[in-house]
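Chemist: Please read through the structure below; I'll follow up with questions.
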Amino acid sequence: MRERRLRRERASRAPWYLLTGFLLGLAAGIVFSVWFWPVPYDFARPSDLNEEARDNYRMIVARAYFASGDSGRAYPRLDLLNDEQPESILAAHAQRVLAAGDEKGSNALALLAAGLDTDNQIEPTPGGADSGTVWPTLVPEMTNTPSGILSELPTLEATDEMEQDGTPIPTIEPLNIPSADIPRATPTMFPTLSAPYILKEKAVDCGRNPRPGLLQIWVESASGVAMPGVRIQINWKDGEETFFTGLKPEQNNGYADFEMTPGFMYSLRVGENGETISGLSAADCATEGYPERVGGMVLRFTER
């Protein structure tokens, strides 16, 4: 009787040891799969990457585009990220890279972002803007090949030896070769992005700008096209700063700005060989009838 009662008590008890073993095995499996043997993702798509890896991917694409100027490869690669607003993301990334001190990387990202604007798209010079080399673009040109060079082949004349030997004399019909249009490449030269820039217009801005002392810089080519990726260096008594155009594509591909401190004098140079503009400072709007405002300046540069 006693043994039967013990069997009934054991059968009525819940198998808690099974649940404990399951939980221990689950915890051990998670620790093992996360720290000791994680799952490798060797063939992940660019759109599946985390934010840090996506930034590295954009930088690789931008540097390749800056070096080769091959937009036919750069923008399909960029589309693999499936970004909703790629130009804004590239501009923000360029700002972060510039704050970290990587000027060339920021310039490359700015050029890549500017190329998304189909109205003012600029192809970078192969090898970068500082190469100073003029690169030709080959454009097919149709030229007519003169006819009559091999229009007819002469017939073979029979000799006395061939007639006496009885060998049949072959007859060759005249062969007419029509003329053909052969495309020939002719080089078309275009200027590099390192051309010097000169000041075209200088004005005081006393409008209702929420940022007092804002220095607005607009850079364009000789034909009036906005120029992204142009290096701008500004200096004052206790420091200097370098930035590029095209980091705010919502404004313009050739736009850049800098917030001046009232009471400081600044000097600015656009491009590597541009002229230096001195005596820049926050404008006094009292002469414009707004004594309570601190105004800014607007500078427009163009290629020489």
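Chemist: Scanning for something of a type outside the set (S, T, N, Q) and in contact with a helix residue (DSSP H, G or I) (Cβ under 7 Å, 6 or more places away or on another chain), does the stretch 21-31 turn up at least one residue?
Modeler: No, that holds for no residue.
Chemist: Among the residues of the stretch 184-200 satisfying the criterion of being in a strand (DSSP E or B) and modelled with pLDDT under 65, which is nearest to T276 (Cα to Cα)?
Modeler: For the stretch 184-200, the residue satisfying everything is M189.
Chemist: Then there's this: Would a scan of the stretch 200-213 turn up a residue that is under 21 Å from A110 (Cα atoms), among the hydrophobic types (A, V, I, L, M, F, W, C) and touching a residue at least 40 places away in the same chain (Cβ under 8 Å)?
Modeler: Among the residues of the stretch 200-213, not one is under 21 Å from A110 (Cα atoms), among the hydrophobic types (A, V, I, L, M, F, W, C) and touching a residue at least 40 places away in the same chain (Cβ under 8 Å), which makes the answer no.
Chemist: I'd like the residue in the stretch 1-60 that is among the aliphatic types (A, V, I, L, M), under 30 Å from H93 (Cα atoms) and not in a helix (DSSP H, G or I) and, out of all such residues, is modelled with the highest pLDDT.
Modeler: Ranking the qualifying residues of the stretch 1-60, first place goes to L49.
Chemist: Residues that are surrounded by 15 or more Cβ atoms within 10 Å (Cβ to Cβ) and aromatic (F, W, Y), at least 2 per element: which helices (runs of 4 or more DSSP H) completely within the stretch 63-114 meet that?
Modeler: none
The values are calculated or read from the model by the stated rules, or taken from the named source; none is laboratory data. Keep in mind that this is a model prediction, so the values were computed, not measured. When we count neighbours, we look across all protein chains shown, and the Cβ atoms used for this are built from the backbone with ideal geometry, even at glycine.
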